[in-house]
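Please read the structure below before turning to the comments.
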Amino acid sequence: MSRTSTTKAEKADKKRRQPRPAKGAGTARAGNAERNPRAAEPARPGESDTPAPPLKSPRGARGRGRGRGTGTAPAEPGGPAPGAAGTAGAPGGAGGAAADPEAEAVRIAEAAQAAFDALYTRNAPALLRQVELLTGNMRLARHAVHRAFDLAWQRWPEVAVDPDPAGWVRAEAHHHALASWQQLVPWYRTPPRQRTRFQRLPRGARHAVLLHDGLGLSLRRTAAESMATTPATAERIVRARTALGDGAAARLGDLLDEQPQPEYPAAMVRELSEQWLRVRTVGAVVVTALIALATAVGLVFGPLSDRVSADRDPVGHRTSAPASAPASAP
């Protein structure tokens, strides 16, 4: 009897210690037990007997649908496709990174061509007249001016940053036309009878008075462009003025106002310059290859020819008849 009463007392004590369920919890548990038999089982240690809330559908999924297999919402009508902004549209994407350097290179090339064309159109006629006055030969003038602009296009990065690109081209044309070896070319030589009083002056005096009195350059700049000292340049100008007489500067300016048109347009000058540069590059490669081939042939067949000559004429073999013995004295 004492053991049975003790067991009942322990059960009553455990029942009092257990938390009482909230109001209506028994009814909900009973309803859940009808639908799910596991709901009627008591909660396991460490588990809560409160039922989990039902799952809710994602916002906007009802009536609109979701992209199947992608995990992203469908694109709006007329909008960009998902992920397109990270590839072609974004500056750091693969498409933008590949297109930006090409577009920048095209823009730089077009700007360089436009600047060269403007320089040629503005200065080529005046340069033609200047070189013609210096040399008296229009054929030489066209050649010198074309060569000057040819060099300018080949060295355009240097010419573009020069403080005076027109002066750079002018110096190249004048120095090439006034070179002494130009008179050795028959079609560039001006007969003495056809030379004017200005063209009979020495080359240095012609160049100095043309730059100072004809173009209005300062004495220091005239000396720098004619590659002479300032006192020597001043002396040349004085001598030229004395030889030409009074009003030489005015007459020279009037002669410079007549400007013939260049033979080629600017675009053709650029194209011819690039073609000639390719021809010279190929020629340099061919000449280098021929020199290397000749050197290799000499290294291979040089020692062989020495061995052949040694086999034909061994050491110690006499190739000439022995000298006759001297006659004995009687």
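The values are calculated or read from the model by the stated rules, or taken from the named source; none is laboratory data. Quick caveat: nothing in here was measured; it's all calculated off a predicted structure. Cβ: placed from backbone, ideal geometry, glycine included. Neighbour counts: every protein chain shown. Please note that ligands, DNA and RNA were not included when accessible areas were found on the heavy atoms of the full protein model with its side chains. Shrake-Rupley method; radii C 1.70, N 1.55, O 1.52, S 1.80 Å.
Hey, among the residues in segment 107-139 that are under 14 Å from Arg189 (Cα atoms) and open to solvent by less than 60 Å² (accessible area, probe 1.4 Å), which one's nearest to the chain's Cα centre (by Cα)? Looking at the filtered set, the residue picked out is Val131. When you scan segment 180-203, do you find a residue that is crowded, with 21+ Cβ neighbours inside 10 Å, in a helix (DSSP H, G or I) and either among the small types (Gly, Ala, Ser) or modelled with pLDDT of 95 or more (or both), even just one? No - not one qualifying residue is present in segment 180-203.
If you go through segment 231-258 and keep only what is open to solvent by less than 60 Å² (accessible area, probe 1.4 Å) and either assigned to a helix (DSSP H, G or I) or of a type in the set (A, V, I, L, M) (or both), you end up with Ala232, Thr233, Ala234, Ile237, Ala240, Ala243, Leu244, Ala248, Ala249, Leu252, Gly253, Leu256. Taking Ala173 as the residue in question, decide whether it is within 21 Å of Gln261 (Cβ to Cβ), part of a helix (DSSP H, G or I) and in contact (Cβ under 8 Å) with a residue 40 or more places away in the chain. Judged against the criteria, Ala173 is a match. Take the conditions free of Cβ contacts under 8 Å to residues at least 12 places away in the same chain and within 18 Å of Ala173 (Cβ to Cβ) and apply them to Leu217. Does it pass? Taking the combined requirement at face value, the residue satisfies it.
Cβ separations smaller than 8 Å between residues 6+ apart or across chains give the following pairs from segment 140-167 residues that are open to solvent by 10 Å² or more (accessible area, probe 1.4 Å) to residues that are of a type in the set (Val, Ile, Thr): His146/Val269; Asp150/Val269; Trp153/Val269; Pro165/Val159.
Given the criteria hydrophobic (A, V, I, L, M, F, W, C), at pLDDT below 85 and either open to solvent by 80 Å² or more (accessible area, probe 1.4 Å) or within 29 Å of Arg147 (Cβ to Cβ) (or both), does Leu277 qualify? Criteria met by Leu277. Val209: part of a helix (DSSP H, G or I), under 25 Å from Ala124 (Cβ atoms) and among the β-branched types (Val, Ile, Thr), yes or no? For Val209, the condition - part of a helix (DSSP H, G or I), under 25 Å from Ala124 (Cβ atoms) and among the β-branched types (Val, Ile, Thr) - is met.
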